[in-house]
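The values are calculated or read from the model by the stated rules, or taken from the named source; none is laboratory data. As the structure is a prediction and not an experimental result, all values here were calculated from the model. Glycine gets a Cβ as well: all are built from the backbone with ideal geometry, and neighbour counts include every protein chain shown. Note: areas computed on protein heavy atoms with side chains; ligands, DNA, RNA excluded. Shrake-Rupley method; radii C 1.70, N 1.55, O 1.52, S 1.80 Å.
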Amino acid sequence: MGLIVNPRGTAGSGKTEIVRRVLAAYDWQGPGRAEPLFRPGRARPFAYRLAHPAGGRPLVVLGQYGGTCGGCDTIPARDGGLPEALRLAGERAADGDDVLLEGLALSADWRLSSALAARHPLHVLRLDTPPDRCVRHLLSRRRAGRGTGGTLAAALAAKVAAERAALLRACEVLRPLAAVEALPFDAALDRMLALLGVAPWRVPAARAA
């Protein structure tokens, strides 16, 4: 059985970026490296199955990673949403693939995740990015400079605080069922690579969080 790796965090914590680093380590845009997995009625791939760079287990990555958000957040309810994403994650892990899934909605979930963890090895890596840094990332993402005043920053800080509370609550519920770790960005990336059996040197040198 494969394992399921699930980085979690608030908006702006680096969830999507850390997955992109792992994708780069798998050279997923190289010829023949990524097999798109489709779901009936959905034009875009639902997931991608990547060949392991050192001949290990393939990696299935849920969702898309072409925009500022990625993963399960790119799978809308009309395509099955989070329940279908986790169902496929469990199916692929049972078939022997490793699975990487993340998303903002998933970061606060414990109900569906508990059911998944009861059946499959689930590793939750909580990105311990400071809330003020998350807010700065969100402001930068929106191209908001100092001229925007403090209203937007205050609203984003409240958003991040609420997401963090939900995230911590979900991780505590999952702790008896899954391997849950809280790590800064670089350490979380190293841990993900170790779990997946990928050499750290395969990741581009520049890291961000």
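Structural remarks
- Magnitude of the charge dipole for the chain, about its Cα centre and with charges confined to Cβ atoms of Lys, Arg (+1) and Asp, Glu (-1), is about 560 debye.
- Kirkwood hydrodynamic radius (C-alpha pairs) into Stokes-Einstein, region 66-120, 20 °C and 1.002 mPa s, D in µm²/s: 184 µm²/s
- Gaussian network model of the chain, Cα within-10 Å springs - most flexible of Pro58, Pro176, Pro131: Pro176
- Put simply, the amide H of Phe46, placed in the peptide plane, has neighbours under 5 Å in Leu37, Phe38, Arg39, leaving out anything fewer than 5 places away on its chain.
- The calculated 222 nm mean residue ellipticity attributable to helices in the chain amounts to -13000 deg cm²/dmol, summing -39500 (n - 2.57) over DSSP H runs of n ≥ 4 and dividing by all residues.
- Highest-MSF residue in the chain out of Arg191, Arg164, Arg39 [GNM, Cα springs under 10 Å]: Arg39
- For the chain, the share of accessible area belonging to carbon and sulfur comes to 55 percent (1.4 Å probe, ligands and nucleic acids excluded).
- Rounded to the nearest Hz, the phi-derived 3J(HN,Hα) couplings of region 75-89 under the Karplus curve 6.51 cos²θ - 1.76 cosθ + 1.60 (θ = phi - 60°) are 10, x, 4, 5, 9, x, x, 4, x, 5, 4, 6, 4, 5, 4, where x marks glycine and proline.
- Share, in percent, of DSSP beta bridges within the chain that are antiparallel, nearest 5: 40 percent
- Rounded if a/c under 1.5, otherwise prolate or oblate - region 15-70, Cα gyration tensor axes: oblate
- For the chain, a Gaussian network of Cα nodes joined below 10 Å ranks Ala43, Ala115, Ala94 by mean-square fluctuation, and the top entry is Ala43.
- Probe 1.4 Å, accessible area per residue of the chain, Å²: 46 Å²
- Karplus-derived HN-Hα couplings along region 189-201 (A = 6.51, B = -1.76, C = 1.60, θ = phi - 60°), whole Hz, x at Gly and Pro: 5, 4, 5, 4, 4, 5, 4, 8, x, 10, 5, x, 5
- Here the scattering of the chain is modelled by Debye summation over its C-alpha atoms, one equal scatterer each and no solvent; at q = 0.10, 0.13, 0.17 Å⁻¹ the log10 of I(q)/I(0) is -0.41, -0.70, -1.19.
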